[in-house]
1. If you take the square roots of the eigenvalues of the alpha-carbon gyration tensor of segment 27-135 and sort them as a ≥ b ≥ c, do you get rounded (a/c under 1.5), prolate (a/b over b/c) or oblate?
2. With charges only on Cβ, +1 for K and R and -1 for D and E, what is the dipole size of the chain about its Cα centre, in debye, rounded to 20?
3. Work out how much length T88 to E224 would gain on full extension: take 0.36 nm times their residue separation and subtract the Cα-Cα distance, in nm to one decimal.
4. Could you tell me what percent of the accessible area of the chain is made up of carbon and sulfur, with a 1.4 Å probe and every protein chain present?
5. For the chain, build the charge dipole from Cβ charges (+1 Lys, Arg; -1 Asp, Glu) around the Cα centre, then report which of P326, G28, N44 sits farthest towards its positive end.
6. Under a Cβ-Cβ cut-off of 13 Å, what is the net charge of the residues other than S348 that fall near it, where Lys and Arg count +1 and Asp and Glu count -1?
7. According to a simple spin-label model (label point 7 Å from Cα along Cα-to-Cβ), what is the distance in nm between S287 and I8?
8. Output the pairs from K151/K195; K297/K387; K164/K195; K22/K101; K143/K339; K151/K261 with a Cα-Cα distance over 26 Å in this structure; if there are none, say none.
Amino acid sequence: MQLLSDRILNMATSATLAMAAKARELRGEGKDIIGLSLGEPDFNTPDFIKQAAIQAINDNYNSYSPVDGYGDLKEAIITKFKRDNNLTYTPTQIVVSTGAKQCLANVASVMINKHDEVILPCPYWVSYADIVKLNDGIPVEVKTTIDTDFKMTASQLEAAITPKTKMLWFSSPCNPSGSVYNRTELKALVDVLVKYPNIYVVSDEIYEHINYAGGHASIAEFDEMYDRTITVNGVSKAFAMTGWRIGYIGAPEKIARACNKMQGQITSGANCIAQRAVITALNESPSRVQYMIDEFKIRRDLILDLLSDIDGFKTNTPDGAFYVFPNISYYFGKTLRGKTINNASDFSMYLLEEALVATVDGEAFGNPDCIRISYAASQEQIKEAIKRIKAVLV
Ligand code: PMP
Ligand code: GLU
């Protein structure tokens, strides 16, 4: 009998994590790799949050928390949703999980039935398609290009809808394109969705605060969408807390209760110390972390400027998150240093081997003409990385 399940055999390895592991391995061999693959702030968690965690340890927070999160954390989340997004939730609509990733996995497993279709505007975050497939759903990719700033138009959405469409999943600001849907663009999508009342939306807003255009908009703010939107958020990005593993949803009560039930069987409540610290993080004004966002913006401008100087890198101007997603198809078919580049994976591997710079192949995000470069790295690292990339492309 086959040892491993079809489920895991059919699943792709997370390309972001695989590249980060490869970079780590090469560093272990003494290679001077610059890691621009993982989407992870290079800042330390702010001291006021760390202090709250230390306090929680000293206060003997060491037992299981409620599965869906501490009551006072849920209150902090409710206050945050009201303050930042003008969304009103009650405690039974909130579920705290081990990262936004678990939120997404919970939602998929409680909502998707076999052969349900989930619309994913491309490029999409690397794990969406596999989370959908793991739950026997069918990812339906909607291709977008730089010409529409990698945003899905209303007519593209409508064309992708079938009687089997169960959900639409998207992130804004988007990982990997950095695109931000403004209210008018969301309204155009909502105008389509109102015609299909059975379609639910997962709105992944984990990069909410990393927005250089200003004015984050949530699709659940539209009255027509509130009852069928699962708003996903977390502290990994804005608060530089990737390893603390806290994410949360605001959702229709039935869905939140189902996620609570699912989580109760598979992981229980998220880490109790991290939950306590997140209360402090969310109760503070987002202005406390503005210094990181200001620095990300400087780096975005820097990397766009440096890339504009290299042949064959076509980029949009990302308004949020900390990635650029250049189209590098110009290099396909070319041979550099004896290596033929046939696709984005070859290109990304070439940059790793020859320039010692780790990026991620766009294929994993549903766009095989692009690579993703994270600029959550110091300005010096960014300058050195782009200098090295430029040097190996001539
Ligand atoms: N959604 C997007 C768009 C992301 O980039 C990430 C990155 N990790 C996640 C969800 C998952 O975040 P978390 O660290 O909270 O699991
Ligand atoms: N979200 C980050 C990224 O896209 C972290 C890696 C991951 O969770 O896959 O790189």
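The values are calculated or read from the model by the stated rules, or taken from the named source; none is laboratory data. What you see is a predicted model, and the numbers here were worked out from it, not measured in a lab. For neighbour counting, all protein chains shown are included, and Cβ atoms are generated from backbone atoms with ideal geometry for every residue, glycine included. Note: accessible area is taken over every heavy atom of the protein model, side chains too, but ligands, DNA and RNA are not part of it. Shrake-Rupley method; radii C 1.70, N 1.55, O 1.52, S 1.80 Å.
1. On the way: a/c = 1.85, a/b = 1.05, b/c = 1.76.
Note, shape of segment 27-135 comes out oblate.
2. Numbers: 40 positive and 46 negative charges, 99 e Å.
Taking the Cα centre of the chain as origin, the dipole is about 480 debye.
3. 47.5 nm
4. Accessible surface attributable to carbon and sulfur in the chain totals 50 percent.
5. Among P326, G28, N44, the one farthest towards the positive end of the dipole of the chain is G28.
6. Neighbourhood net charge equals -3.
7. So the label points at I8 and S287 sit 5.0 nm apart.
8. Cα-Cα > 26 Å for K143/K339; K151/K261; rest within.
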